[in-house]
Every structure is written in structure tokens, then in C-alpha cells.
Amino acid sequence: MTNIPVFLTAEKHHLLLVGATSAAIAKLALFMPTGMRITLVGHGSMDAATAAGLSPALTGVDTLTIHDRPFTEDDLSDKTLVYIGVEDDITEERVLRLAAARRMPVNVIDKPAKSNFITPAQFTRGPLQVAFSSGGSAPVFVRRLRSSLERILPPSLGVLAEAAGNMRGKIKDIIPDGTRRRLFWDRLYDNAGLYADMEQEEVEHLVVDAARNHRVGATTGQVQLVGAGPGDPDLLTIKAHRALQQADVIVYDRLVSRDVLALARRDADLVFVGKREGEHGVGQDGIHKILIEEALAGKRVVRLKGGDPMLFARASEELDALRANDIHVEVVPGISAFQGIAASTQIPMTDRDHSASLTLVTGHLKDGAFKDWARLSGRGQTLAVYMGVRGAPQISAGLMAEGVSGSTPVAVVENGTRASERRFYGTLATLPALVTENAVKSPALLLIGDVVQNARDLTIDTYTPLLQAHAG
């Protein structure tokens with residue numbers, strides 16, 4: 001970071017603007033609404049058209065002083081910021097030298113190399129002010145980012161923010177508990193679009209009414225079962241990201257990546273309840289106890305699970321426990337491992353030539369599983385096995401014993417979608433060796449089926465020898 005992001009209190013500063021070029025007048029238009037004291041020295045560049053254009057906008061404005069004359073050193077007196085927008089290089093250098101001698105912040109408009117501060121790109125929504133800068137490295141990116149956020153944030157958010165400021169003390173009286181009050185503001189923000197085209201006074205009345213209604217029955221917090229996706233934080237849904245930002249407590253599994261956890265609210269309590277092979281941690285009953293106790297304490301709880309919370313994640317048990325205690329619960333879906341890995345490997349799970357169906361199973365084997373799997377795998381079908389690394393030898397032998405061809409293509413993908421993702425390709429017969437020789441560890445997904453041949457990094461050179469070895 002090459003710049004220091006600082007917001008100055010407008011009423012405590014007096015800005016000197018030297019020059020009346022179009023760029024200088026654009027800066028004047030930017031700063032006028034702030035109420036800052038501004039002195040404009042036209043330096044002979046204020047033609048009749050410029051003066052005529054300014055007149056209507058400046059009617060009744062007492063914070064702006066205009067001098068249509070050359071700059072003098074006395075113009076720097078009592079000023080705290082200087083902007084230079086002249087086409088005269090000699091004047092530009094003179095103002096720069098004199099301002100530097102007084103150690104004043106100075107900006108030469110559109111010339112960051114000559115300036116000791118910059119004006120970031122910005123937009124406002126009422127009292128909310130958002131500013132962007134790339135330090136001059138990527139101005140196009142800054143413009144795109146500002147444009148994206150302007151589209152996302154409704155204009156009504158400004159009116160709502162103004163109302164929130166005006167009613168802040170009254171809301172605190174209505175909802176004295178800090179956690180519940182924060183939940184109220186969060187929900188108000190999420191529904192900013194409801195206040196479009198309303199007058200300020202009407203919005204303020206509605207905010208107070210919403211606070212009173214929020215207080216009624218607000219004896220518990222809530223729990224959200226949130227899908228963290230397979231690991232890549234860019235695959236997190238907007239709703240999941242919002243949940244992480246609003247949570248008081250985040251109860252997370254071993255498969256949740258550090259990059260996803262880094263998106264959580266900084267002061268949220270992080271509670272690890274992950275399970276490892278041979279080590280069950282707090283256990284499922286212990287997880288239920290944590291979720292219930294935190295919610296009954298009025299907190300907003302996120303139960304963060306790798307992938308999708310409704311797939312191989314014991315969600316039904318947690319939902320039952322929470323409902324039994326009358327705790328409001330919401331499910332926020334996530335991208336499952338097979339979806340993320342399909343994208344990263346470019347293996348379509350279904351394909352007109354190779355597969356008309358997809359079956360998802362867990363590698364925790366039970367009696368008779370292979371008979372069911374054999375009917376759902378092999379030619380024309382795709383089988384995705386979660387948590388199958390440890391059982392790879394049994395999966396390979398069991399499926400082949402039930403008639404699935406040992407030459408069926410297989411992909412083993414470890415840490416799918418993460419920076420540490422590893423991919424290995426082989427056949428059903430070579431699956432155990434593929435896992436053992438490459439020391440594959442969980443989390444990993446096994447993909448079994450002809451669709452594996454479509455993988456973007458599977459070449460004839462890597463795949464043909466595997467087939468030949470199996471045939472031999």
C-alpha cells in the first residue's frame with residue numbers, strides 16, 4: 001500500500017484551487033457539497049463561459065470565494081490544502097515550490113507524480129462515503145470497482161443511513177442489548193431496497209417501528225447452516241459471505257479452508273469442531289450443545305461446513321436439535337466438492353457420449369454397498385465418492401467383483417479448487433496404487449467413469465500407459 005487512506009473533516013479545512021480549467025472545475029464540483037471553505041483563483045483562465053456555468057450553481061453559497069486574477073503567494077495564507085489546475089507550467093512550478101516550502105499538502109490535478117496526495121475515486125450514498133485508489137497502478141480497475149459497487153448499493157441506502165444516524169439514540173433505548181441491536185441494523189441494511197422513493201421523515205418512522213417489532217419475541221439468536229464450498233474463497237456465495245460478516249460465533253469443520261475463515265468478521269468467536277480419523281473431537285452431541293447454548297444466549301451463530309451443508313454433513317441431526325429448542329435456523333447452500341472439482345479439472349459430470357447419470361456416495365462402506373454402486377457406475381455413468389481415500393482398495397476390488405471393468409477411468413483429486421489441489425489419473429484397477437504412491441490425503445474426491453477422459457490435463461501420454469499396464 002503506497003497511500004494512507006484518510007478522510008478529512010471538511011469544515012476544518014480551507015482549500016485553495018489555483019486555475020479554472022475543466023479539470024479544476026470538476027474538482028470544485030466534487031468538493032462543493034462538503035461545505036468546505038474553498039478559494040478559487042482563476043489565474044486568468046476563467047473565461048466568460050466558465051463564469052456563466054458557475055453562477056447558477058453558486059447561488060447562495062457562502063463557503064466559496066472566487067478571484068479571477070493571477071496567483072500570488074499570499075493566496076496560500078490560512079489554507080490547508082492546495083489543488084493546482086493550470087495550463088501554465090511556470091505557474092504550476094511556482095505554486096508547487098511555495099506550497100512545498102510551507103509543507104502543505106498539494107495536488108497537481110491529473111499529475112500524481114508531482115503531487116504529495118491524491119483524490120481517490122469515490123461515490124456517496126447519503127452519509128456513506130466510499131473511496132477507491134490503486135496508487136495510480138490500475139485506474140481502470142478502480143473505475144470498474146466503483147461502477148460495480150454503485151450498481152449493487154441502492155440509492156435508498158443513503159436515506160436509510162441518514163435515518164439510522166438520526167434515530168441511533170432512540171433505537172438504543174428500544175433495543176438496549178448490543179448483540180440484538182447489531183442484528184437489527186444488519187437486517188435493516190439487507191432490506192434497504194424497501195425504502196426506495198420515501199421521504200426522510202417517513203423512513204425514520206419506519207426504522208423506529210421496525211426496532212419495536214424486532215424487540216418483540218427476540219429472546220434468542222439464530223443459527224445458519226452455511227456451505228463453505230470446497231475451499232476456494234472465490235466460490236463462496238454472496239449470502240454465505242454476508243453470514244460470515246454478521247456472525248457472533250462461527251462453528252466450523254476441518255474441511256473449511258483458512259482462506260474462507262479469513263472472510264469472517266474479525267471479532268467473531270471461532271469454534272473448531274472438526275473430526276479426524278480416529279478422533280471425533282467434541283462429537284455430534286457436543287456440536288448440538290454449542291449451537292443451542294450460543295443461540296439461546298441471543299447470538300447469531302454460523303455452523304460452517306465444507307461444501308454444501310445439506311450433503312454428507314449430518315444436517316438433519318442439527319436441524320432437528322435446533323428446531324426442538326425453537327431456535328430459528330436458516331440454510332445457506334454452498335458449492336459441493338464435485339461441482340468445484342468439475343470446474344477445476346474441466347470434467348463434465350454428465351456427457352452425451354460418456355455419461356447420462358451422476359451418483360454421489362460416501363466412502364464410509366456398509367454391507368452390500370458395492371452391489372448398489374455397481375449398478376450406478378461403469379459404462380455410461382459417473383460415480384463420485386466422497387471420503388473414499390482410506391477405502392480405495394475395497395472400492396476398487398468391490399466394484400470389479402460386481403462386474404465393473406477394471407479399465408474404467410478414475411480421477412483422484414485432493415484439495416479440490418484450492419491452491420494446493422493435486423490431480424491423479426488412472427483406472428479402477430490402479431486406484432489403490434494411485435492413492436498410495438502419491439500419498440493422497442483427505443479431503444479428496446474419487447471420480448469413476450468415462451467422463452474422466454475429458455479432464456483438461458489428461459493427455460494420451462499420461463493415460464495410455466495406465467490402460468496398457470492394466471491390460472498387461
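The values are calculated or read from the model by the stated rules, or taken from the named source; none is laboratory data. These figures come from a predicted structure and were not determined experimentally. Using ideal geometry, Cβ is built from the backbone for each residue, glycine included, and neighbour counts are taken over all protein chains shown. Surface areas here come from the heavy atoms of the whole protein model, side chains and all, with no ligands, DNA or RNA. Shrake-Rupley method; radii C 1.70, N 1.55, O 1.52, S 1.80 Å.
Some points to look at:
- Failed item in (1) under 14 Å from the mean Cα position of the chain (by Cα); (2) open to solvent by 20 Å² or more (accessible area, probe 1.4 Å), with residue 212 passing the rest: (1)
- Scanning segment 396-415 for residues being closer than 12 Å to residue 447 by Cα and not hydroxyl-bearing (Ser, Thr, Tyr) gives a total of 6.
- Exactly one residue out of 158, 165, 135, 231 is touching a residue at least 40 places away in the same chain (Cβ under 8 Å), closer than 29 Å to residue 4 by Cα and either assigned to a loop (DSSP other than H, G, I, E, B) or not polar (S, T, N, Q) (or both), and it is 135.
- Residue within segment 341-352 that is under 19 Å from residue 226 (Cα atoms), open to solvent by less than 40 Å² (accessible area, probe 1.4 Å) and modelled with pLDDT of 95 or more present: no
- Residues that are modelled with pLDDT under 90 and either crowded, with 17+ Cβ neighbours inside 10 Å or of a type in the set (Lys, Arg) (or both) within segment 186-209 comprise 187, 188, 192, 195, listed in sequence order.
Yes or no, residue by residue, for (1) in a loop (DSSP other than H, G, I, E, B); (2) touching a strand residue (DSSP E or B) at 6+ places or on another chain (Cβ under 8 Å); (3) open to solvent by 40 Å² or more (accessible area, probe 1.4 Å); (4) modelled with pLDDT of 90 or more:
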| site | (1), (2), (3), (4) |
| --- | --- |
| 225 | no, yes, no, yes |
| 251 | no, yes, no, yes |
| 284 | no, no, no, yes |
| 288 | no, no, no, yes |
| 303 | no, yes, no, yes |
| 316 | no, no, yes, yes |
| 320 | no, no, yes, yes |
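- Filter result for the condition that a residue is more than 23 Å from residue 299 (Cβ to Cβ) and over 27 Å from the mean Cα position of the chain (by Cα), over 197, 177, 173: 197
Let's see how each residue does on (1) within 17 Å of the chain's Cα centre (by Cα); (2) among the charged types (D, E, K, R):
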position: 266; (1), (2): yes, yes
position: 288; (1), (2): no, no
position: 299; (1), (2): no, yes
position: 307; (1), (2): yes, no
position: 313; (1), (2): no, no
position: 317; (1), (2): no, yes
position: 321; (1), (2): no, no
position: 326; (1), (2): no, yes
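- Extreme residue, most open to solvent (accessible area, probe 1.4 Å), among residues of segment 83-132 that are part of a helix (DSSP H, G or I) and aliphatic (A, V, I, L, M): 90
- The lone criterion from (1) touching a helix residue (DSSP H, G or I) at 6+ places or on another chain (Cβ under 7 Å); (2) open to solvent by 50 Å² or more (accessible area, probe 1.4 Å); (3) β-branched (Val, Ile, Thr) left unmet by residue 174 is number (2).
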